[in-house]
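Working notes, beginning with the structure itself.
The values are calculated or read from the model by the stated rules, or taken from the named source; none is laboratory data. Owing to the predicted nature of the structure, the values given are computational and were not obtained by experimental measurement. Glycine also receives a Cβ, built like all others from the backbone with ideal geometry; neighbour counts cover every protein chain displayed.
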Amino acid sequence: MTDTPSRGVTRREALKTTGKVAVASTLAALATPQIYAGEKNTIQVALVGCGGRGTGAAEDALRSKNGPTKLVAMADVFPNRLKDSYGHLSRNLGQQVDVPEDRKFIDFNAYKNAMDCLRPGDVVILTTPPAFRWAHFTYAISKGLNVFMEKPITVDGPSTRRMLKLGEEAKKRNLKVGVGLMCRHCPARGEMFKKIKDGLIGDLTLLRAYRQHNPVAFFLSPPKPAGISELMYQVQRFHSFLWASGGCYSDFYIHNIDECCWMKDAWPVEARAAGGRHYRDNSIDQNFDVYSVEYTFADGTKLLLEGRCMNGCDQQFASLAHGTKGSAVISSNSHWPSSCRLLKNQHASTGRKYQKDIIWKCGPEKSEDNPYRVEWDHLLEAIRQDKPYNEVERGAQASLVTAMGRMAAHTGQVVSYDQMLNCEHEFAPDVDKLKMDSPAPLQLSSDGKYPMPEPGRKTKREY
Ligand SMILES: NC(=O)c1ccc[n+]([C@@H]2O[C@H](COP(=O)([O-])OP(=O)(O)OC[C@H]3O[C@@H](n4cnc5c(N)ncnc54)[C@H](O)[C@@H]3O)[C@@H](O)[C@H]2O)c1
């Protein structure tokens, strides 16, 4: 690995600074605004997890209006993923991508090598499967790095408790941390949230979230083929395995759950749910095909979530809310644009049928700015201006509430927020010790299939 001169500081000096940051959060607080002053103000970025979202997040970081930024290191566990990501970014971002061969790292320890290329105050992007989030975040904090990490940021009770503590530690050290629940940065939804708070549709009494579409990503997994280890198969197809991602439930449904909780301005206190499998062919992953969840807030308000990955069925990808004086479309087709709007009656729906009932809709173009880009503008602005910025608690709560609905469906029990938070089943306790040749955290059962949730039979653990 080479020294990466930037902002006129050598790596040796940077490492000295790292030690200081580790002991003195007040020093970090003082140092941050000075680092980004003047001409030498390029924020360096390292990418850990060079897949689809990681590549997109790096591009958003490099294109942010609050640059200049530069990508200087990349880490992954599959060489082809890193190669493709580098190819895309270097073709499209030119000199902002400065990642020579000796700053490209492949291994389960590659995240450390990539972060070692940064200096305190730079940014690391954590976009691996969520299972690794707490381990990578721990190292980022020790290096005094600002962080952008993708959702979900935890998959179970123990990793949520750990993440909440890490979030506090990052706060003490004045590190800025963004969490990829980008809808929270959507200006249109932000405007609508204020209108709801102002009482335009009265008190919210019901929310509805839908994510029903064909099987996508690695929702389904057949038995492992030859030529890849069990561990790497599970890491690659992380949506199929609860330890790696929280399954399709946590990975797919968190945004709709989170935006509903945002509008309600609260987290639900318990969940009851049903779910099951219908057509599996030769798939042996841990996901259910359908989930139907009733979340309850402290004031009795319900949030109903319908999740389905199935071909040939009605498709819906939206969040809606109902109040005592009207209703709201929070999002109408995927995450962006939101097309959010308020109606004078209960006709909130995704179609165009009830245009005449609209009493407010998001304004012209600007309020529908790309939230994936806006979240980077906000994070980089906070870094440059040394504003408090830490989305970890909210990200961990959203991840936990999502897991609460999933556990209710998988066990067939009512699960409360506190039960989920204090649940002792940690899916992959040694995820920070994995090596390329380690056994996988999930082993096949004697029938040659992965252990499955069995509601009503396995009631304390999800599998
Ligand atoms: N905010 C959003 O709308 C959004 C959209 C897509 C994905 N995501 C999130 O981003 C994350 C990544 O999803 P994706 O779709 O990019 O998946 P992906 O498979 O395309 O990318 C993940 C990458 O991480 C690599 N990786 C796995 N384990 C690693 C490790 N221990 N160290 C280093 N690299 C490792 C993989 O090889 C792969 O290249 C997930 O948490 C997902 O939920 C968020």
Quiz item: C423 is checked against (1) touching a residue at least 12 places away in the same chain (Cβ under 8 Å); (2) outside the structural domain of S319 (by TED's automatic domain parsing) and fails just one. What number does that condition carry?
Solution: (2)
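In the set G38, G51, which member is modelled with pLDDT under 95 and either over 28 Å from S229 (Cα atoms) or near the ligand (Cβ under 9 Å from one of its atoms) (or both)? Show your work before the answer.
On the way: G51 fails: modelled with pLDDT under 95.
None of the others qualify; the one that does is G38.
Can you confirm whether the range 423-435 contains a residue that is more than 22 Å from the chain's Cα centre (by Cα) and within 16 Å of the ligand (Cβ to nearest atom)? Can you show your working first?
As a first pass, look at the range 423-435 and keep what is more than 22 Å from the chain's Cα centre (by Cα): 424, 433, 435.
Add one more test, that the residue is within 16 Å of the ligand (Cβ to nearest atom), and what stays is 433, 435.
Yes, the conditions are met somewhere in the range 423-435.
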Quiz item: Which residues, counting only those in the range 143-188, are farther than 22 Å from A110 by Cα, assigned to a helix (DSSP H, G or I) and within 14 Å of the ligand (Cβ to nearest atom)?
Solution: M182, C183, R184, H185
Quiz item: Hey, C261 hits all of (1) more than 17 Å from the chain's Cα centre (by Cα); (2) away from the ligand (no atom under 12 Å from the Cβ) but one; which does it fall short on?
Solution: (1)
Quiz item: Quick one: in the range 59-82, which of the residues that are within 15 Å of D98 (Cβ to Cβ) and surrounded by fewer than 20 Cβ atoms within 10 Å (Cβ to Cβ) is farthest from the chain's Cα centre (by Cα)?
Solution: P68
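A quick yes/no check of all residues on (1) farther than 19 Å from K172 by Cβ; (2) of a type in the set (V, I, T); (3) under 18 Å from the mean Cα position of the chain (by Cα); (4) surrounded by fewer than 24 Cβ atoms within 10 Å (Cβ to Cβ):
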| residue | (1), (2), (3), (4) |
| --- | --- |
| A114 | yes, no, no, no |
| V123 | no, yes, yes, no |
| T128 | yes, yes, yes, no |
| A135 | yes, no, yes, yes |
| N146 | no, no, yes, no |
| M149 | no, no, yes, no |
| V155 | yes, yes, yes, no |
Practice problem: State all residues of the range 252-300 that are in a strand (DSSP E or B) and surrounded by fewer than 16 Cβ atoms within 10 Å (Cβ to Cβ); if no residue qualifies, say none. | Solution: A274, G276
Quiz item: Could you say which residue among E381, E375, E365, E391 is surrounded by fewer than 16 Cβ atoms within 10 Å (Cβ to Cβ), modelled with pLDDT of 95 or more and not polar (S, T, N, Q)?
Solution: E381
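Output the residues belonging to the range 189-209 that are in a loop (DSSP other than H, G, I, E, B) and buried (at least 19 other Cβ atoms within 10 Å of the Cβ). Please lay out each step first, then the result.
Within the range 189-209, the first condition is being in a loop (DSSP other than H, G, I, E, B), and the residues that meet it are 198-203.
Within the range 189-209, I201 is the sole residue that qualifies.
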Quiz prompt | Long-range neighbours under 7 Å by Cβ, at least six apart or interchain, first residue more than 16 Å from F137 (Cβ to Cβ) within the range 106-117, second among the β-branched types (V, I, T) and surrounded by 19 or more Cβ atoms within 10 Å (Cβ to Cβ) | solution = I106/V77; D107/V77; C117/T4; C117/V72
Practice problem: Go through the range 282-323 and count every residue that is touching a residue at least 40 places away in the same chain (Cβ under 8 Å) and of a type in the set (D, E). | Solution: 3
Quiz item: What is the residue count in the range 210-230 for residues that are near the ligand (Cβ under 10 Å from one of its atoms) and either assigned to a helix (DSSP H, G or I) or small (G, A, S) (or both)?
Solution: 1
